[in-house]
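Colleague: Take this structure first; my questions come after.
The values are calculated or read from the model by the stated rules, or taken from the named source; none is laboratory data. As the structure is a computational prediction, the values presented were derived from the model and not from experiment. FYI the Cβ positions are ideal-geometry reconstructions off the backbone, even for glycines, and counts take in every protein chain you see.
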Amino acid sequence: MKDFNLNPFQYIDSYLEKGISNFRVPSGALYLSQSKLVSDMFNDTSLFQESSDFYTVDVRKGMLHEETQKFLNKTVMNHLKRSLGECKSKAIVEIGLISSKELVWPASGVRLMSEIYREAIIGRNPSDNLSKLYFRIVETSIINKDRKRKFLSHTLYSWNVNRVIKRELHKSDSNEKSILSIVASAPKITIDEKVSLFISFLFSIVATQAFTLSWVFYLMEQNDSYQASASSLLMESMRVWPVAWNSGRVAKKEIELEETKIKEGEQVVACTYALHRNKELWSCPHQFLPDRWEAKPKPSTYAPFGMGKHKCVAEHYSIDWLTFLIDSIKDKVDVIVQDINTPIPSPMLAPPEFKMKFRNES
């Protein structure tokens with residue numbers, strides 16, 4: 001049996017190869033990859049207590065207030081949709097600026113996404129302190145490999161980061177729409193929770209999308225899939241290596257799942273990685289096959305954005321936006337993959353480093 005802490009993916013694969021869909025890991029958490037159980041875990045609030053955010057909030061602390069969640073879902077989504085046109089225009093400019101360089105990804109993808117989204121996240125006229133902090137979080141907490149992507153240990157719990165963001169939240173202008181101003185005006189939430197929430201949005205917008213985009217180019221080159229459509233490349237990349245690869249819940253009471261007893265307070269994990277590689281649900285699950293997306297899979301077998309009523313509200317926005325970026329880049333670049341190891345286990349999965357250079361079309 002493989003060591004879960006060293007390589008959770010090999011550990012999970014060893015169970016899946018034996019046809020075991022649900023299993024416990026050394027910590028005692030129960031991992032699920034059976035589609036109905038995963039769906040129930042995402043959506044049955046009578047049995048499971050949900051985390052408000054898998055990046056920052058301990059799963060045992062439970063959900064944000066319902067009013068807060070509804071406000072954020074609606075307001076943030078509307079803001080991102082309104083910003084999409086500007087983001088697309090800025091993306092074309094930023095892609096042009098890097099087109100003469102050979103760049104190392106996924107770090108370059110994170111920087112690209114952070115620049116594209118800067119105004120949408122911190123506003124058009126941020127203070128110098130906020131601008132510096134924004135890029136510091138990007139560099140030290142998302143990109144910096146030396147810290148093995150312990151994403152928030154050197155930012156969220158830093159006194160200086162809390163101090164700067166609290167000050168910016170207090171003086172945020174609600175008339176200038178940004179993620180910062182939206183979080184500042186969120187109801188029924190403390191200032192400390194707002195700090196955590198703002199950084200969570202930064203991560204979920206910049207890091208998740210940058211890592212997903214990076215996986216597309218990494219897998220496209222590794223599998224010689226340059227001729228596949230942008231949409232099929234994206235969907236298959238999110239199946240093979242979902243950036244959000246597991247999602248935890250806590251049992252509200254003692255329950256029994258598939259003859260497995262779970263005590264009240266025990267952790268249960270919907271493992272998207274395992275769901276997407278379950279051979280009972282997918283043919284050739286370990287192979288990168290963009291053509292499989294010529295037919296739509298059953299909804300309960302594919303969950304890069306979650307399932308059911310708790311599915312990420314930005315699903316369609318993210319797919320449209322990332323498809324646009326892939327279409328804008330994929331036919332203009334050469335990708336050089338040297339490291340074919342599995343990714344470093346972390347809350348968000350980024351691919352191993354690779355190089356990408358735009359071709360000289362002149």
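Colleague: Residues being exposed (fewer than 15 other Cβ atoms within 10 Å of the Cβ), within 17 Å of Ile12 (Cβ to Cβ) and in contact with a helix residue (DSSP H, G or I) (Cβ under 8 Å, 6 or more places away or on another chain): count how many of those fall in the stretch 259-285.
Modeller: 1
Colleague: Going by the conditions given, is Asp192 of a type in the set (Asp, Glu), in contact with a Ser or Thr (Cβ under 8 Å, 6 or more places away or on another chain), at pLDDT below 90 and within 26 Å of Ala314 (Cα to Cα)? Walk me through how you get there before you give the answer.
Modeller: Details: of a type in the set (Asp, Glu): yes; in contact with a Ser or Thr (Cβ under 8 Å, 6 or more places away or on another chain): no; at pLDDT below 90: yes; within 26 Å of Ala314 (Cα to Cα): yes.
Spelling it out, it is not the case that Asp192 is of a type in the set (Asp, Glu), in contact with a Ser or Thr (Cβ under 8 Å, 6 or more places away or on another chain), at pLDDT below 90 and within 26 Å of Ala314 (Cα to Cα).
Colleague: Separate question: For the stretch 242-252, does any single residue satisfy the condition of being in contact with a Leu (Cβ under 9 Å, 6 or more places away or on another chain), crowded, with 18+ Cβ neighbours inside 10 Å, aromatic (Phe, Trp, Tyr) and in a helix (DSSP H, G or I)? Quick ask: steps written out before the conclusion?
Modeller: Restricting attention to the stretch 242-252, the residues satisfying the condition of being in contact with a Leu (Cβ under 9 Å, 6 or more places away or on another chain) are 242-245, 249, 251-252.
Still in the list and also crowded, with 18+ Cβ neighbours inside 10 Å: 242-245, 249, 251.
Next cut, aromatic (Phe, Trp, Tyr) only: 245.
So of that shortlist, the ones also in a helix (DSSP H, G or I) come out as none.
No, the conditions are met nowhere in the stretch 242-252.
Colleague: Does Ala295 satisfy being among the hydrophobic types (A, V, I, L, M, F, W, C) and either more than 24 Å from Lys18 (Cβ to Cβ) or touching a Pro at 6+ places or on another chain (Cβ under 6 Å) (or both)? Spell out the reasoning first.
Modeller: Working: among the hydrophobic types (A, V, I, L, M, F, W, C): yes; either more than 24 Å from Lys18 (Cβ to Cβ) or touching a Pro at 6+ places or on another chain (Cβ under 6 Å) (or both): yes.
Considered against the rule, which asks whether it is among the hydrophobic types (A, V, I, L, M, F, W, C) and either more than 24 Å from Lys18 (Cβ to Cβ) or touching a Pro at 6+ places or on another chain (Cβ under 6 Å) (or both), Ala295 comes out as yes.
Colleague: Please determine whether any residue of the stretch 192-201 is surrounded by fewer than 18 Cβ atoms within 10 Å (Cβ to Cβ) and in a helix (DSSP H, G or I).
Modeller: yes
Colleague: Criterion first (part of a helix (DSSP H, G or I), surrounded by 17 or more Cβ atoms within 10 Å (Cβ to Cβ) and small (Gly, Ala, Ser)) does Ser328 satisfy it?
Modeller: no
Colleague: Tell me, which residue of the stretch 29-50 that is in a loop (DSSP other than H, G, I, E, B) and out of contact with any Leu (no Cβ under 6 Å at 6 or more places or on another chain) is nearest to Glu264 (Cα to Cα)?
Modeller: Looking at the filtered set, the residue picked out is Leu47.
Colleague: Next up: Hey, among the residues in the stretch 179-191 that are touching a Lys or Arg at 6+ places or on another chain (Cβ under 8 Å) and within 19 Å of Ala120 (Cβ to Cβ), which one's surrounded by the most Cβ atoms within 10 Å (Cβ to Cβ)? Show your work before the answer.
Modeller: Filtering the stretch 179-191 down to residues touching a Lys or Arg at 6+ places or on another chain (Cβ under 8 Å) leaves 183-184, 186, 191.
Those left that are additionally within 19 Å of Ala120 (Cβ to Cβ): 183-184, 186.
On the way: Val183: 24, Ala184: 19, Ala186: 21.
Only one residue fits best here, namely Val183.
Colleague: May I pose another question? Assuming Lys74 fulfils every condition listed in (1) surrounded by 15 or more Cβ atoms within 10 Å (Cβ to Cβ); (2) part of a helix (DSSP H, G or I) apart from one, which condition is it?
Modeller: Single failed check for Lys74: (1).
Colleague: Separate question: Would the stretch 122-130 turn up any residue that is out of contact with any Phe, Trp or Tyr (no Cβ under 7 Å at 6 or more places or on another chain), among the acidic types (Asp, Glu) and surrounded by 15 or more Cβ atoms within 10 Å (Cβ to Cβ)?
Modeller: No.
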